[in-house]
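The values are calculated or read from the model by the stated rules, or taken from the named source; none is laboratory data. Model, not experiment: these values are computed from the prediction. Glycine also receives a Cβ, built like all others from the backbone with ideal geometry; neighbour counts cover every protein chain displayed.
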Amino acid sequence: MSADPHSIAVRLDRMLLERRMTLTDLAESVGVTYANLSILKNNHARAIRFSTLTRLCEVLGCQPGDLLEFTGAPPTSESAGDGGRGGPGRS
């Protein structure tokens with residue numbers, strides 16, 4: 001597995017700048033720890049709960065697409081699902 005297992009970037013820093021809000025203020029408003037928001041902001045998160053995404057969008061007045069950006073190509077069908085082993089009927 002590569003060091004970057006996904007191709008999604010979180011643009012939380014830009015949203016905070018545009019709204020002149022600190023990460024501490026956002027954490028308190030959303031109900032998430034500063035540490036967890038920092039992990040998300042620095043693109044080290046592996047997942048995000050829809051409830052957290054919902055609260056972020058409510059507090060920041062934005063859409064999920066304003067926070068998340070697809071930055072790379074989707075995985076190929078060979079590497080997705082079967083671990084790149086080919087699967088039945090494939091040589």
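Please count how many residues of the stretch 52-71 are surrounded by 15 or more Cβ atoms within 10 Å (Cβ to Cβ) and at pLDDT below 95.
0
Quick one: in the stretch 49-67, of everything that is under 13 Å from Val32 (Cβ atoms) and touching a residue at least 12 places away in the same chain (Cβ under 8 Å), which residue is nearest to the chain's Cα centre (by Cα)?
Going through the qualifying residues, I end up with Leu53.
Among the residues of the stretch 9-51, how many are closer than 19 Å to Phe70 by Cβ and surrounded by 15 or more Cβ atoms within 10 Å (Cβ to Cβ)?
Matching residues across the stretch 9-51 total 9.
Can you report the number of residues in the stretch 3-45 which are among the charged types (D, E, K, R) and in a loop (DSSP other than H, G, I, E, B)?
Residues flagged as among the charged types (D, E, K, R) and in a loop (DSSP other than H, G, I, E, B) within the stretch 3-45 amount to 3.
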